[in-house]
Amino acid sequence: MPTGSGTIKKNSYTPVLTPGYRKETAHTNSRMAASSNRIMLGPLVAAIDQGTSSTRFLVFNAKTAELLSHHQVEIKQSFPKEGWVEEDPKEILQSVYECMDRTCEKLTQLNIDISNIKAIGVTNQRETTLVWDKETGEPLYNAIVWLDLRTQSTVERLISKTPGRNKNHLKHKTGLPISTYFSAVKLRWLLDNVDEVAEAVVTHRAMFGTVDSWLIWCLTGGKSGGVHCTDVTNASRTMLFNIHTLDWDPELCSLTGIPISGCLGDQSAALVGQMCFQDGQAKNTYGTGCFLLRNTGAKPVMSDHGLLTTVAYKLGRDKPACYALEGSVAIAGAVVRWLKDNLGIIQTSTELEKLAASVGTSYGCYFVPAFSGLYAPYWEPSARGIICGLTQFTNRSHLAFAALEAVCFQTREILDAMNQDSGIPLTQLQVDGGMTSNRLLMQLQADILCIPVVKPSMPETTALGAAMAAGAAEGVSVWSLRPEDLSEVTSEKFEPQINPEGTRRFSKRRSSMPLTTVAVSLNMGETSIFSSLPLGFYVVGSMCMLIGAKYISGQCLFFACLPLCLLKKNRNHNVHTHF
């Protein structure tokens, strides 16, 4: 199979979009082909970008990387219980069909010949897990989204069985800690709790996959011969894949038309789309979550500071794999949705920037949005969110600013860990994702990181990366990945705009990010930090001391010295408290 991403499969034939996958699409395409007045732009490459919040279909010019047309459809999420997050697999598939139809209509209106689309790439939300029946083609349960927390007890049970109760017991093979984040524990939950899944496994009808596998299987024929496959970037997030051998690990597993020629998990696709092909280059994507990946070259680098080791990309069947260090933040853009849907303090995402800009400060308000626990560098699924530092003066604008700061502080914490692991500080950060349209956030991020933040003028880097992989695949070869052939992408650079005194101020405020300490203490269920008298006295005592310090020093550093040692006694931070 010609592929730009080293697709794992047993089949040797090429998966294709089934002709006439919908009668109306076939009819529309034949009508489009009848037109004789079409603009010929050279080879085109399309990308399916299936994300947590929406699906898009985009078409690029393979010679210039210009985005010609696209369409986007939002995806609904359901929350059956606290901590549970699900999506409907059939709605996801239908959204892909709709985006394809509408994009082709738009291209036709522009007199662009859609028959010149030579390949399609797929990029998708990683770790989201589903199981379907290969005979009926029906999903056997909703897709369990990557930030879902229902598997916490499964994770705790697995960790309890490891020597020394070590959550990093499998890291030497997978590059991952044992966490609710990854697909294997979601599959275990489905096997244990959904009768339809268990029965389908016994009768050999069950097909397991991440979203890319589901889409490719459906688009290449489904129950009539669809291809069941994935690529190394998605496979490396299942916790069943050996990142060294680039194959499924036996021990871990005991738990006609246009070719689909490339497949990359969304964060790997963004790394390719940002053209981070050199060791040391990094990008941060601000989507539902926040994901910072740094290219580490041909050898996997194991983190000593809470980061993941993952496969960055493999651009060809016979090409070597490239690896990356990754810092994952569960909640970034999702905090905007929470402020909108749960609190109702904004009506649109753009309103958040206006509110925050109107005050220019959080006025001592701090926000840790640990709605799904804390990912890197803590890996504490029991953490819960916290908002503190409130006064009678605090209003929704200060909370909006604190929400933006929360995203930036989490990124700073990951970047610090990444610099320690690599030994070479990053000198600038390339960024992409929906939240990068918020200019205040980008400037705030540059100020907090104290390095430039570079945003490409063409924001669809995830889809671009999937298109690049598909267009460069063996047998397609309409897109060159040689550096000298890559188009220059214009970008906007946000330089730090704070003086040395401001730098010290942000350093102090960053020390308040160990509010994550308190967030971790807010466990699931009815447990309270104050149910433990020693911890309760400790927190209250710390608060009283710091409030008193405010009047002595004239500085409001509320909670700033709560020590991270409550969370990680062996983690080196410049925060010390003595009693």
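The values are calculated or read from the model by the stated rules, or taken from the named source; none is laboratory data. None of the values given here were measured: they were computed from a predicted structure. Methodologically, a virtual Cβ is constructed for each residue, glycine included, from the backbone with ideal geometry; neighbour enumeration extends over all protein chains shown. Areas reflect the complete protein model, heavy atoms only, side chains present, ligands, DNA and RNA absent. Shrake-Rupley method; radii C 1.70, N 1.55, O 1.52, S 1.80 Å.
What net charge do the residues around GLY265 carry, taking every other residue with its C-beta under 10 Å from that of GLY265, with Lys and Arg at +1 and Asp and Glu at -1?
Its environment carries a net charge of -2.
Would you grab the residues whose amide H sits under 5 Å from the one on ASP249? Only those 5+ places off in sequence or on another chain, please, with H modelled 1.01 Å from N.
The answer is PHE241, ASN242.
How many angstrom lie between the C-alpha centres of region 281-350 and region 383-417?
For region 281-350 versus region 383-417, the Cα centre distance is 19 Å.
Give the dimensionless ratio obtained when the Cα radius of gyration of region 50-132 is divided by 2.2 N^0.38 Å. Spell out each step's value before the answer.
Values: Rg = 15.2 Å, N = 83, 2.2 N^0.38 = 11.8 Å.
The value comes to 1.29.
What are the residues whose amide H is under 5 Å from the amide H of ILE331, where those residues sit 5 or more places off or on another chain and H is modelled from the backbone?
Amide H neighbours of ILE331: CYS290.
Name the shape class, rounded, prolate or oblate, that the alpha-carbon gyration tensor gives for region 217-294, where a ≥ b ≥ c are the square roots of its eigenvalues, rounded holds for a/c under 1.5, and otherwise prolate holds if a/b is larger than b/c and oblate otherwise. Walk me through the numbers before you get to the answer.
Working: a/c = 2.14, a/b = 1.29, b/c = 1.66.
Oblate is the answer for region 217-294, as a/c is 1.5 or above yet b/c matches or exceeds a/b.
Probe radius 1.4 Å, ligands and nucleic acids left out: which of LYS186, LYS493, LYS173, LYS76 has the largest accessible area, and how do the rest follow?
Working: LYS186 0, LYS493 105, LYS173 40, LYS76 150 Å².
Result of the area sort, largest leading: LYS76, LYS493, LYS173, LYS186.
Can you tell me how much longer the chain between ILE498 and MET302 gets when fully stretched, taken as 0.36 nm per residue apart minus their C-alpha distance, in nm with one decimal? It would help to have the intermediate numbers written out before the result.
Numbers: separation 196, 0.36 × 196 = 70.56 nm, distance 3.42 nm.
Difference between extended and current length: 67.1 nm.
Compute from the Cα atoms of region 135-191 the Rg and the Dmax, the latter being the longest Cα-Cα distance, and quote both in angstrom.
13.1, 44
Let me check I've understood the local charge: for GLU196, count other residues with C-beta under 11 angstrom from its C-beta, Lys and Arg +1, Asp and Glu -1. What total comes out?
On the way: positive: ARG205; negative: ASP133, GLU138, ASP195, GLU199.
Net charge around GLU196: -3.
Quote the FRET efficiency, to the nearest 0.05, computed for ASN166 versus LYS63 with a Förster distance R0 of 51 Å and r equal to the Cβ-Cβ distance. Walk me through the intermediate numbers first.
Numbers: r = 51 Å, r/R0 = 1.00.
Computed FRET efficiency for ASN166 and LYS63 comes out at 0.50.
For region 144-300, what class follows from the C-alpha gyration tensor (a ≥ b ≥ c being the square roots of its eigenvalues): rounded when a/c is under 1.5, otherwise prolate if a/b is larger than b/c, else oblate?
Working: a/c = 1.78, a/b = 1.06, b/c = 1.68.
The shape class here is oblate.
Count the lysine pairs in region 123-242 whose Cα atoms lie under 29 Å apart, taking only pairs 8 or more positions apart in sequence or on different chains.
9
Not counting ligands, DNA or RNA, and with a 1.4 Å probe, what is TRP338's accessible surface area in Å² rounded to the nearest 10?
In the full protein context, TRP338 sits at about 60 Å².
How high is the FRET efficiency between CYS253 and GLN94 when r is their beta carbon distance and R₀ equals 30 Å, given to the nearest 0.05? Show your work: numbers first, answer last.
Numbers: r = 31 Å, r/R0 = 1.05.
With a Förster radius of 30 Å, E is 0.45.
At 7 Å along Cα-to-Cβ for each site, give me the label-to-label distance between ASP318 and ALA198 in nm.
4.9 nm
Multiplying the sequence separation of SER480 and ARG439 by 0.36 nm and subtracting their Cα-Cα distance, what value in nm do you get? Let's see the in-between values first.
On the way: separation 41, 0.36 × 41 = 14.76 nm, distance 3.23 nm.
The SER480-ARG439 span can extend by a further 11.5 nm.
Under a 1.4 Å probe, what is the accessible area of region 235-319 per residue, stated in Å²? Mind showing how you got there, number by number?
Working: 2830 Å² over 85 residues.
Per residue, region 235-319 has 33 Å² of solvent-accessible surface.
First check a/c for region 260-336, with a ≥ b ≥ c the square roots of the eigenvalues of its C-alpha gyration tensor; if it is under 1.5, answer rounded, and if not, answer prolate when a/b is larger than b/c or oblate otherwise. Walk me through the numbers on the way to the answer.
Values: a/c = 2.16, a/b = 1.33, b/c = 1.63.
Taking the square roots of the gyration eigenvalues as a ≥ b ≥ c, region 260-336 is oblate.
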